[in-house]
Amino acid sequence: MQELFSLHQKLLRNTSLDFQRSLLASIRWENRLIGITGARGVGKTTMLLQYLKKQFGETDSTVLFVSLDHFWFSSNSLLDLADQFTKVGGKVLVLDEVHKYPDWSRQLKNIYDFYPELKVIFTGSSLLEILNSAADLSRRALMYQLSGLSFREYINLETDLKLPIQKMEDILARHVELSNELLVDFRPFQYFKEYLRKGYYPFSREFGELYEQQLTAVVNLVLEVELPQLRKFDVAYVPKIKQLLAIIADSVPFMPNVTKLGQKIGINRTTLLTYFHYLDQSKLTKNLYQSTEGISLLQKPSKLYLENTNLAFALGKNVDIGNLRETFFLNQVGYNHEVVLPPKGDFLINKSWNIEVGGAGKSLSKAGLDSGFIAADDIETGFGSKIPLWLFGFLY
């Protein structure tokens, strides 16, 4: 195990604490089994290394961070690791990329049951249906989801500010006051367009001008490796699914005609609907329905969006501005709120607030609405029911 400890310490030495995700302060770290899911590239590994470094320092031998794709597991099991670790006084075991280990859920269940002195924290792809796993981890694991950077987090990362999270109720009721308070510290449009293009994934700083190329590589990895392994996704359809993602990126907010779309890209209706579901699970797309209740695998989404705006620039050629605005809104608001498609307007939030998304000239009357709110781009401050679109990037 010495090689695992050596790698653990090396990773901690190279982990910066300068910028930390908001979720880090919200997790109940005292729980015995904690799971953190999130799309590839959103920063799960970095967040856990930051927690270990802050809480335990770099040399505490009672904690261990291990990635389950390490070659050590070619001749040792997870149970072997837990057994050996507890025998040398181990107390906190962090397991990264659990989906790369066969039968991971049953092994975690056994560790939880057989080693009560050991706290286990694990990360996994958003594809994983952890709460429905055969080993029934739902009764044992406290689960969290890490999303990409919010617009607020991106601003804080770029400026070293500590701008606070805002509640939806406050944004709707006090948006003029909140906007003016925030404008004292920064100008949103100095950063907004850059965020839409390359601000969602934390690795943008690392790759610079190669960011979109790296993001495309992440998409390819999901489509060509993870989906085929975890969902029996037919690799032969990958080029057609890439074509679909490009269509979504360049479309006015995309309302799929499944029959025509299937004919265009050469996939039958049932397979296409199934793949819509898998793409949403993998955080490449976001499916919008008229209700969130009783959604089945073969239910047609009312609208299809890419999961975030960065994907649109990486995958599309002529990105639609209306699509970008709605994608930003759905991505930021959908993290902590229920969002469905209303009979009129663009989005219904928590069954309470009807919101239309558009440019500075958008109005409720133009949208055919008697009441509700406008999330308007290209304005720093709003008035009445018109709220700056960028302000909805402060919800997490």
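The values are calculated or read from the model by the stated rules, or taken from the named source; none is laboratory data. Because the structure is predicted, anything quoted here is derived from the model rather than measured. As a convention, Cβ positions derive from the backbone with ideal geometry for all residues, glycine included, and neighbour counts pool all protein chains shown.
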> Within segment 324-341, which residues are surrounded by 19 or more Cβ atoms within 10 Å (Cβ to Cβ) and in contact with a Leu (Cβ under 8 Å, 6 or more places away or on another chain)?
Replying inline: Leu324, Arg325, Thr327, Phe328, Phe329, Leu330, Gln332, Val333, Val339
> Going by the structure shown, is Gly368 among the small types (Gly, Ala, Ser) and over 23 Å from Leu284 (Cα atoms)?
Replying inline: yes
> What number goes with the only condition from (1) touching a residue at least 40 places away in the same chain (Cβ under 8 Å); (2) within 30 Å of Val339 (Cβ to Cβ); (3) assigned to a loop (DSSP other than H, G, I, E, B) that Asp185 does not pass?
Replying inline: (1)
> Does Ile27 qualify as being modelled with pLDDT of 95 or more, closer than 19 Å to Leu142 by Cβ and in a loop (DSSP other than H, G, I, E, B)?
Replying inline: yes
> Name the pairs: first residue in segment 53-81 and closer than 23 Å to Asp103 by Cα, second residue of a type in the set (Lys, Arg), Cβ to Cβ under 7 Å, at least 6 apart or on different chains?
Replying inline: Leu68/Lys100; Asp69/Lys100
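Return yes or no: is Pro164 crowded, with 17+ Cβ neighbours inside 10 Å, at negative phi, of a type outside the set (Phe, Trp, Tyr) and outside any helix (DSSP H, G or I)? Steps first, answer last, please.
Numbers: crowded, with 17+ Cβ neighbours inside 10 Å: no; at negative phi: yes; of a type outside the set (Phe, Trp, Tyr): yes; outside any helix (DSSP H, G or I): yes.
The answer is no for Pro164.
Hey, does segment 174-187 have a residue that's among the polar types (S, T, N, Q) and crowded, with 17+ Cβ neighbours inside 10 Å? Before the answer, list the steps.
Step one: filter segment 174-187 for residues among the polar types (S, T, N, Q), giving 179-180.
Subset that is crowded, with 17+ Cβ neighbours inside 10 Å: 179.
Within segment 174-187, one or more residues are among the polar types (S, T, N, Q) and crowded, with 17+ Cβ neighbours inside 10 Å.
Just to be sure I understand, how many residues within segment 189-210 are under 21 Å from Gln20 (Cα atoms) and assigned to a helix (DSSP H, G or I)?
Total satisfying the criteria: 10.
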>> So Trp72 ticks every box in (1) surrounded by 15 or more Cβ atoms within 10 Å (Cβ to Cβ); (2) under 21 Å from Ile34 (Cβ atoms) but one. Which box is left unticked?
In response: (2)
>> Give all pairs with beta carbons closer than 8 Å in which a residue from segment 21-37 that is at negative phi and buried (at least 18 other Cβ atoms within 10 Å of the Cβ) meets a residue that is acidic (Asp, Glu) and at pLDDT 95 or above; count only pairs at least 6 apart in sequence or on separate chains.
In response: Arg21/Glu153
> For Ile321, are the conditions met, namely being loosely packed, with under 15 Cβ neighbours inside 10 Å and modelled with pLDDT of 95 or more?
Replying inline: yes
